[in-house]
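The values are calculated or read from the model by the stated rules, or taken from the named source; none is laboratory data. From a predicted model like this one, the values you see are computed outputs, not experimental measurements. FYI the Cβ positions are ideal-geometry reconstructions off the backbone, even for glycines, and counts take in every protein chain you see. These area figures cover heavy atoms from the full protein model, side chains too; ligands, DNA and RNA do not enter into them. Shrake-Rupley method; radii C 1.70, N 1.55, O 1.52, S 1.80 Å.
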Amino acid sequence: MNAIHTKNLTKEYDGFKAVDNLNLKVEEGEIYGFLGPNGAGKTTTMLMLLGILKPTQGEIYIMGEPLSKNPLSTKKKIGVVSEKQYLYKEMTAQEYLSFFADLYKVKNKKDKIEELLSAVDLLDARNKKLGAFSRGMQQKLGFARALLHEPELLLLDEPVSGLDPTGIKQIRDLIEKENKKGKTIFISSHLLSEVEKLCTKVAIINKGKLLAEDTMENLKRRLTDFIQLEIELTEITKQIIDTLNSFDFVKEVKGEKNILTLKVTSDKDHRAEISSAIAQKGGVVLGIKKRDISLEEAFITITQKNISLLAKGEEDV
Ligand code: ATP
């Protein structure tokens, strides 16, 4: 089942399409990255998913249920953490969670709060006033608040922006832990390296339109016709180079000391074939390294340069 499915989702502001016919499919159990440059329509989409903004056209299905038909019961399935937490400075962490637990009618409130404070490593700070909380602590408390009513789906808006490396790691671990427990996670973010570390699937939008929705691996593959392999050998011989050059999928072979650099087509993984060809010519492969493009390179290619490259994959989107 899809945790989120948007069908022709559109939002117009005075005739301007901030979100234009968006068809997203977030499968249950996924960590899904929602990316786009400034003004792409990410916030507008998030606000529609949360039922705060009403779409001009289209429908949103959360866990198979149309949001417009049953907004209350559907929204209960969602936990949200925004980029900034709006906290009451004079409240303690315990009081803050207690306030929301009452609002959400959480059963076993005391135990639940204790469990969540412990999960986000804030047990020791439970009686501290929120005005004294660091940015990272505030963000972790936001997570605890979002998890109080045990939602099936977590929507995170820039969850690690402004955090230091320790804070980023703690939030990343928390996201992975919740995902392992079965929660679907939807992350809207600019931090591509973070998304790359966490997400199994990525959507890229620009000017309100979906440009790509695919697994990280496929996305990178679709954006580049070739990849580079670095092969470490005990010794490079002319025979080995000639054999490799005879393959159709090998576009370039360069050798320096005991490292061969090959440019090969990215249609499939050719490493096994290459290793066995080298072995047949008496070579010994000590290691093969693959240099992939990063999500950042893919993002720039998609949003700025080669949008046409994606057209060939559009039918799978
Ligand atoms: P950022 O990463 O900068 O936050 P975003 O991807 O979240 O950008 P949105 O805030 O959704 O983008 O905005 C999408 C487009 O819709 C922008 O061109 C923005 O100017 C426009 N827009 C957003 N809200 C409104 C509004 N209330 N009225 C008119 N136009 C709006």
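Below are the figures for this structure:
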{"quantity": "In nm, spacing of pseudo-spin labels at Q228 and T265 (7 Å Cα→C-beta vector)", "calculated": "2.1 nm"}
{"quantity": "GNM result for the chain, Cα springs below 10 Å: residue of L123, L154, L35 fluctuating most strongly", "calculated": "L123"}
{"quantity": "Between segment 164-238 and segment 45-88, the alpha-carbon center distance in angstrom", "calculated": "25 Å"}
{"quantity": "Segment 225-291 - percent relative contact order, Cα under 8 Å, separation 6 or more", "calculated": "49 percent"}
{"quantity": "Candidates R145, R126, R271: whichever shows maximal mean-square fluctuation once the chain is modelled as a Gaussian network with Cα springs under 10 Å", "calculated": "R271"}
{"quantity": "q = 0.11 Å⁻¹, the chain: log10 I(q)/I(0) [Debye, one scatterer per Cα]", "calculated": "-0.78"}
{"quantity": "Nearest-0.05 FRET efficiency for T56 and E114, computed from C-beta distance (R0 51 Å)", "calculated": "0.70"}
{"quantity": "Within segment 11-71, GluC sites (Glu not before Pro) in DSSP loop having at most 13 other beta-carbon neighbours inside 10 Å", "calculated": "none"}
{"quantity": "Relative contact order %, segment 1-57, counting alpha carbon pairs below 8 Å whose residues are six or more apart", "calculated": "36 percent"}
{"quantity": "Angle between the chain longest axis and helix 109-119 axis [Cα atoms, degrees, rounded to 10]", "calculated": "30 degrees"}
{"quantity": "Greater than 31 Å apart at Cα, pairs in K84/K201; K77/K289; K169/K268; K207/K263; K11/K77", "calculated": "K77/K289; K169/K268; K207/K263"}
{"quantity": "Using alpha-carbon coordinates, inclination of helix 165-180 to the longest axis of the chain, degrees", "calculated": "90 degrees"}
{"quantity": "Share, in percent, of DSSP beta bridges within the chain that are antiparallel, nearest 5", "calculated": "70 percent"}
{"quantity": "GNM flexibility winner over the chain from V80, V253, V160 (Cα, springs under 10 Å)", "calculated": "V253"}
{"quantity": "Accessible area in square angstrom per residue, segment 209-279, 1.4 angstrom probe", "calculated": "55 Å²"}
{"quantity": "Chymotrypsin sites (Phe, Trp or Tyr not before Pro) within segment 1-66, DSSP loop, no more than 15 other Cβ atoms inside 10 Å", "calculated": "none"}
{"quantity": "Length added when fully stretched, N21-T215, from 0.36 nm per residue minus Cα-Cα", "calculated": "67.7 nm"}
{"quantity": "Relative contact order (%) - the chain, alpha-carbon pairs under 8 angstrom, separation at least six", "calculated": "19 percent"}
{"quantity": "Computed [θ] at 222 nm, helices only, for the chain once each DSSP H run of length n ≥ 4 contributes -39500 (n - 2.57)", "calculated": "-9500 deg cm²/dmol"}
